Amino acid sequence: MPENPFKYVYILRSLEYPDRHYTGCTDDLEARLKKHNQGDVPHTVKFRPWQIQTAVSFRSEAKARAFEKYLKSGSGREFARRHF
């Protein structure tokens, strides 16, 4: 199977605590969501289950990481709140 050429920046929303969100970056959205929901990610284990609220694909890992970093900033969180 060929390697996925995309990197995804994603925002998860907790189904139990709708005001809780998590932003991350991965090359396999389904597998990463499964890890979050199985409790394999310490930062998100308390607020399971999660669903994908938004995912943006990038061909450049550097651009994906930069966008993830932006979304985790104050202005980036506000941008995500208004647009996603």
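Could you check how many residues of the stretch 24-54 are hydrophobic (A, V, I, L, M, F, W, C), surrounded by 13 or more Cβ atoms within 10 Å (Cβ to Cβ) and not in a strand (DSSP E or B)? Break it down stepwise before answering.
Step one: of the stretch 24-54, the residues hydrophobic (A, V, I, L, M, F, W, C) are 25, 29, 31, 33, 41, 45, 47, 50, 52.
The next check asks that each one be surrounded by 13 or more Cβ atoms within 10 Å (Cβ to Cβ); those that pass are 25, 29, 33, 41, 47, 50, 52.
Subset that is not in a strand (DSSP E or B): 29, 33, 41, 47.
Total meeting the criteria: 4.
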For residues that are closer than 13 Å to VAL9 by Cα and either in contact with a Phe, Trp or Tyr (Cβ under 6 Å, 6 or more places away or on another chain) or free of Cβ contacts under 8 Å to residues at least 12 places away in the same chain (or both), scanning just the stretch 64-84, find the one that is surrounded by the most Cβ atoms within 10 Å (Cβ to Cβ).
ALA64
Options PHE67, PHE6, PHE79, PHE47: the member that is aromatic (Phe, Trp, Tyr) and in contact with a helix residue (DSSP H, G or I) (Cβ under 8 Å, 6 or more places away or on another chain)
PHE79
In the stretch 74-84, which residues are more than 14 Å from the chain's Cα centre (by Cα) and of a type outside the set (D, E, K, R)?
GLY74, SER75, PHE79, HIS83
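Laboratory data are not the source of any read-out in this text; all were calculated from the coordinates shown. Predicted model, so just to flag it, every value in this text is computed and none were measured. Neighbour counts run over all protein chains shown; Cβ positions are idealised from the backbone, glycine included.
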